[in-house]
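The values are calculated or read from the model by the stated rules, or taken from the named source; none is laboratory data. If you're wondering where the values come from, they're calculated on a predicted model, not measured in any experiment. Because the Cβ atoms are built from the backbone with ideal geometry, glycine has one as well, and the counts that use them run over all protein chains shown. The accessibility values were calculated without ligands, DNA or RNA, using every heavy atom of the protein model including side chains. Shrake-Rupley method; radii C 1.70, N 1.55, O 1.52, S 1.80 Å.
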Amino acid sequence: MRSNGTMRARHRRRPIAPLTGLAVAAGLVLAGATAAPATAAARTTASAPTTASAPATTTSGTSTAADPVGPPQGNFLSAFLYSTTRPTALPTGANDWTCEPGRAHPRPVVLVHGTFENRYANWAALSPKLKDDGYCVFALNYGGTEGPALGTGDIAASARQLAAFVDRVRAATGADKVDIVGHSQGGMLPRHYIKNLGGAAKVGRLVALVPSNHGTSLLGLGLLARLIPGADVVVGAACPACEQQIVGSRFLKELNAGGETDPDVDYTVIATWYDEVVTPYTSAFLAPARNVSNQTIQSHCLLNTTAHINITYDRTATRLVQNALDPAHAQRPTC
């Protein structure tokens, strides 16, 4: 087990980081206050995987136009803006349901986006990269109704969507297990699937980028909502996943009770000193165990200032994901 990153990072933050973090955190809370709660029917629709070559199927059984495949992107903002007019877009390389895993990479990779995000916004760079590496790559949208800002629904319900998606991936590819790569909530949510929904027998590795494993205060705004009577209820009603990711939530207490990991799954956490959403950044780390690797980008590239939102587009983080998925062929990250 490797555990990197220290509390010294707090003193290395750039002066602009707290201000940027405050703006992002405020945006997330405001977005949560206006997001529509997910319905059961909407969750079912969101979990149905689609491809560019085959029509999607709605809950009523009627076919719709195939989801568009978006181009690779260089940063989260560009990808998210693209998804605002194409909210069902697939990242290049994802959801080829005819893909057959090769001997070098026998487990398909399932990509799980974060809160207020979607599969294209998160994975427009990593998905084509992993496809080029020879993986069968799959990505789902979950936890919302329509539009680009998903991942807001009840996390347990979203985990059931993930479970159904993984089962379809396994059935299509013939693989016994998948590897999961997740961002933020998408790095924490699979742990509920592994612990409570039979995922331990179906997942080989979980690679989590800045996951909310122990919650976040959203730089104090989340805890402030707890201190103001009724404020946490408003946020929770509009965005259940927001309330569930606040430090001390019932969901996180239950998730982390009795051990944070399963011995049959390998876990890699990739954090950054400059995380402005999961704060402090060390709350992303899992309890030490033989099958847990807690890392920071800065332990490999000291001057890297990548923060929470753009980490899935960072080349150092990308290499660390590749190394975690294929440790036998790990390479030194390029700074």
- Item | Ordering of 88-95, 76-83 by packing [mean C-beta count within 10 Å, highest first] | 88-95, 76-83
- So residue 133 and residue 257, fully extended at 0.36 nm per residue minus their Cα-Cα distance, gain in nm 41.0 nm
- Task: Taking amide H positions as placed in the peptide plane 1.01 Å from N, state which residues far from residue 216 in sequence (5 or more) or on other chains have amide H under 5 Å from it.
- Result: 246, 247
- Subtract the Cα-Cα distance of residue 328 and residue 168 from 0.36 nm times their separation in residues, and report this length gain in nm to one decimal. 54.8 nm
- Which length gain, in nm to one decimal place, applies between residue 291 and residue 264 when the Cα-Cα distance is subtracted from 0.36 nm times their residue separation? 8.9 nm
- Query: Which value, in Å² and to the nearest 10, is the accessible area of residue 138 when all protein chains are kept and the probe is 1.4 Å?
  - Reply: 0
- Query: residue 97 to residue 315: FRET efficiency via 1/(1 + (r/R0)^6), r the Cβ-Cβ distance, R0 25 Å, to the nearest 0.05?
  - Reply: 0.30
